[in-house]
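**Q** Have a look at the structure that comes next, please.
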Amino acid sequence: MYQNLITMIKAIILDMDGLMVDTERLYYTADVLVAEEYGKKISNKIIEQMIGQKPLDSMRIFQKFLETRDSPAILLEKRDLHFLGMLKTDLRPMSGLKEFLNAFYSKIKLAISTGTQFKYLEIILRELDLQNFFEVIQTSDEIKKGKPDPEIYIRTIQQLKLQPYQCIALEDSSNGVKAAKQTGCYVIAIPSWHTKDQDFSTADILLDNLIAARDHIINKFKIL
């Protein structure tokens, strides 16, 4: 199918957390710190359920795990205080990010489709000097259902004024892969160390890093 659509690829859509930027490590640390306040030790199973969700939805999962009467909003406030502090002192791009973006910038549309709130995305883009790469930025702020629901990808593609088959999506989580795949994109999965044990069987291809993804896209879709 995709071989016949080589000339039809018009956009690359990237997730952010764990794919572009190593923020999942920061979220994980923040979740651990909050869990410790409630005398709990967080598990990878809970983290897997929370990844890709809207912030309050992820905190609803967290609330059940913590067995607390504190609201998801309170938990989110606690988590975000830890996260924001680390965001300003320990922000790291994923390996190969700038090389990937430079390879496609001005040759094809680039977009972000992320469960992160805009207030944090704005900081990340500014700190890493990435503001000018993307034509469309879709955060979770206006989204009703988080990944694996395809809503965020549908909105992103609508803003790009394209069809799903014209888009390549890059994701690091199974929830993200499912969301992009349901929409109809060609999906590249690049697991992070937080997500490496998840099920990526629905992705079109599983790769190790952004450099491998860059080379795969150039060779398969002839984007030069």
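The values are calculated or read from the model by the stated rules, or taken from the named source; none is laboratory data. Keep in mind it's a predicted model, so treat the numbers as computed, not measured. Cβ atoms come from the backbone with ideal geometry, glycine included; neighbour counts cover every protein chain shown.
**Q** Taking V187 as meeting all but one of (1) closer than 13 Å to G52 by Cα; (2) in contact with a strand residue (DSSP E or B) (Cβ under 7 Å, 6 or more places away or on another chain); (3) of a type in the set (V, I, T), write down the number of the exception.
**A** Here V187 meets the rest and fails (1).
**Q** Return a yes/no flag: does the range 150-162 have any residue that is in the same structural domain as D215 (by TED's automatic domain parsing), within 22 Å of I217 (Cα to Cα) and touching an Asp or Glu at 6+ places or on another chain (Cβ under 8 Å).
**A** yes
**Q** Still on this structure: Give E127, E151, E122, E142 a once-over and let me know the one that is under 18 Å from M16 (Cβ atoms) and modelled with pLDDT of 95 or more. Step through it out loud before you land on a result.
**A** Values: E127 fails: modelled with pLDDT of 95 or more; E122 fails: modelled with pLDDT of 95 or more; E142 fails: modelled with pLDDT of 95 or more.
That would be E151, the only listed residue that is under 18 Å from M16 (Cβ atoms) and modelled with pLDDT of 95 or more.
**Q** Out of (1) over 15 Å from L170 (Cβ atoms); (2) in contact with a Lys or Arg (Cβ under 8 Å, 6 or more places away or on another chain); (3) of a type in the set (A, V, I, L, M), what's the single condition that is false for A103?
**A** (1)
**Q** Here is a further query. Identify, from the list Q182, Q158, Q166, the residue that is at pLDDT 95 or above, within 23 Å of T195 (Cβ to Cβ) and either hydroxyl-bearing (S, T, Y) or over 11 Å from the mean Cα position of the chain (by Cα) (or both). Walk me through how you get there before you give the answer.
**A** On the way: Q158 fails: within 23 Å of T195 (Cβ to Cβ); Q166 fails: within 23 Å of T195 (Cβ to Cβ).
Of the residues listed, the single one that is at pLDDT 95 or above, within 23 Å of T195 (Cβ to Cβ) and either hydroxyl-bearing (S, T, Y) or over 11 Å from the mean Cα position of the chain (by Cα) (or both) is Q182.
**Q** Please give the number of the condition F65 fails out of (1) over 26 Å from N209 (Cα atoms); (2) not in a helix (DSSP H, G or I).
**A** (2)
One line per residue, one yes/no per condition, for (1) aliphatic (A, V, I, L, M); (2) touching a residue at least 40 places away in the same chain (Cβ under 8 Å):
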{"position": "P72", "(1), (2)": "no, no"}
{"position": "K88", "(1), (2)": "no, no"}
{"position": "F100", "(1), (2)": "no, yes"}
{"position": "A111", "(1), (2)": "yes, yes"}
{"position": "T114", "(1), (2)": "no, yes"}
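**Q** May I ask you to say which residue of D208, D204, D197 is within 20 Å of E99 (Cα to Cα), out of contact with any helix residue (DSSP H, G or I) (no Cβ under 7 Å at 6 or more places or on another chain) and among the acidic types (D, E)?
**A** Within the list D208, D204, D197, the selection yields D208.
Yes/no matrix, rows are residues, columns are (1) crowded, with 19+ Cβ neighbours inside 10 Å; (2) farther than 25 Å from K196 by Cα; (3) more than 18 Å from the chain's Cα centre (by Cα); (4) not assigned by TED's automatic domain parsing to the domain that holds L121:
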{"position": "Y38", "(1), (2), (3), (4)": "no, yes, yes, yes"}
{"position": "I47", "(1), (2), (3), (4)": "yes, no, no, yes"}
{"position": "L56", "(1), (2), (3), (4)": "no, no, no, yes"}
{"position": "D70", "(1), (2), (3), (4)": "no, yes, yes, yes"}
{"position": "L76", "(1), (2), (3), (4)": "yes, yes, yes, yes"}
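**Q** Count, please, the residues in the range 171-199 that happen to be crowded, with 20+ Cβ neighbours inside 10 Å and among the aromatic types (F, W, Y).
**A** Qualifying residue count for the region: 1.
**Q** I would also like to ask the following. Restricting the range 88-130 to residues that are hydroxyl-bearing (S, T, Y) and assigned to a loop (DSSP other than H, G, I, E, B), which is nearest to the chain's Cα centre (by Cα)?
**A** As a first pass, look at the range 88-130 and keep what is hydroxyl-bearing (S, T, Y): 89, 95, 105-106, 113-114, 116, 120.
Remaining after also requiring assigned to a loop (DSSP other than H, G, I, E, B): 89, 95, 105-106, 114, 116.
Details: T89: 21, S95: 15, Y105: 19, S106: 22, T114: 5, T116: 8 Å.
Only one residue fits best here, namely T114.
**Q** Would you check which residues across the range 68-87 are part of a loop (DSSP other than H, G, I, E, B) and of a type outside the set (K, R) and list them?
**A** If the condition is that a residue be part of a loop (DSSP other than H, G, I, E, B) and of a type outside the set (K, R), then T68, D70, S71 are the ones that fit.
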